1. In the chain, what is the count of Lys pairs whose alpha carbons are under 15 Å apart, counting only pairs at least 8 residues apart or on separate chains?
2. Full extension from Phe177 to Phe93: what is 0.36 nm times the residue separation minus their Cα-Cα distance, to one decimal in nm?
3. Give, in nm to one decimal, the length gained when the segment between Glu254 and Ala311 is fully stretched (0.36 nm per residue of separation minus the Cα-Cα distance).
4. Can you grab the distance from the C-alpha centre of region 224-255 to the C-alpha centre of region 11-87, Å, no decimals?
5. How high is the relative contact order of the chain, in percent, with contacts defined as C-alpha pairs under 8 Å that are six or more residues apart?
6. Would you please put 45-55, 89-99 in order of how densely packed they are, using the mean number of other Cβ atoms within 10 angstrom per residue and starting with the highest?
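Every number in this text was worked out from the coordinates using simple rules, so none of it is lab data. Small disclaimer: the values here were computed from a predicted structure and weren't measured. Cβ atoms come from the backbone with ideal geometry, glycine included; neighbour counts cover every protein chain shown.
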Amino acid sequence: MDFYRHLFTNDGPGKAISFTLVYIISIIFTFQSLVTAYVGSTYLEQFIRPEFVGLVFAVSAFLAIIITLLLPRILRTIGNVAATISMMLTIMFMLTIVGSAPSPTITIIAFIIYTALFPQIYFNVDIFLETLIGDAEGSTGSKRGLILTLMSLAAFCSPIAMGYIIGDTDNLAGVYFVSAAIGFLFIGVLIAKFRNFYDPEYVTIRVRDLVKAAFVNRDVSTVMFTQFLLQIFYTWAIIYIPLFLATVVGFDWETISKIIAVGLLAFVIFEYPTGVLADKLIGEKEMMALGFVVLAIASASIYAMSSSSIATWMSVMFFSRFGASLVEVTTESYFFKQVKGRDSNLISLFRLTRPLGILVGTLVASISLFFVPFNLAFIVLALLMVLGAFSTLRLTDSR
């Protein structure tokens, strides 16, 4: 098929893809990845003791870092489409193993592999999107705001689907089989519509040079740090908040799925308008700072919450995701106004903040939980978000 041409030559015009196609694969992949995300920590507790759950995620994050660093070399060899399909096939196979759970050891290894590969797909989608945007930096915020809004719509639907699949029987394994099946749809779209995609030139340099190049520009290094802090929040939101709701507050998974879904609705509502405002009116810096303040308040409020009211928890989750939506769109928009699709190394480093955030986030959480009660650990998260708010002061205002 046409996407194999990258194994032999980099010549040829290729056929254009469209933003619509990138939006479609983004929606499919977001739903696929998040339908399993919130049950991972609880599912692992069937095979290992709770205190080792964070260690599994940390190992997966470390593996993801290694893969991310190697990815530009892979892209130069086989191209973005072939690399994406290969990783998705591996993810589908690992998801099936996790759902089948042949043994604790095999299940945990498969869990580590698929969670390490999922972040790489985001990088591949970025290559498609940035190649389309090209030099049109003025539309970066709105384009990224739209794609994040559509991904958020899929994210909103994923916990609802998760709750339906799990049902009253606590069938956690079922979500892994569903996620694997969705992979066929993702691959089908890639083969049908992306097989003639012509890759930009990927320039591979040493990690030392890559980091040095990023930190020469203070704005780039600062926005990478804020993205890193956001990924720490997401780590806690995906791993520890559902675990807190299930084990401390005592909600069942059907209730938890509804609380998560209401929280994710904030992304659907706010991300696209935030991207447009970043392009045309306010700029990223101010909204990014506001987002971190909201995240700090929301995280600290979990410490003080003793209520088991579903409405109260929905409100807190919605408020926290409102803050996260501000930070997510503005960090993405600000960073990608500095780079192009060919800057795969800088994009790799930016996307490296995802596994780094998981690695550091799980380690910080594990250490915190060793010394303080579960609810008090969220004060630590709030302090990290305060650090994010102050970090935005180093950015050059884009307006």
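1. Going through the chain pair by pair, I get 6.
2. 29.3 nm
3. Taking Glu254 through Ala311 to full extension adds about 19.1 nm, to one decimal.
4. Between the Cα centres of region 224-255 and region 11-87 lies a distance of 19 Å.
5. Contact order relative to length: 28 percent.
6. 89-99, 45-55
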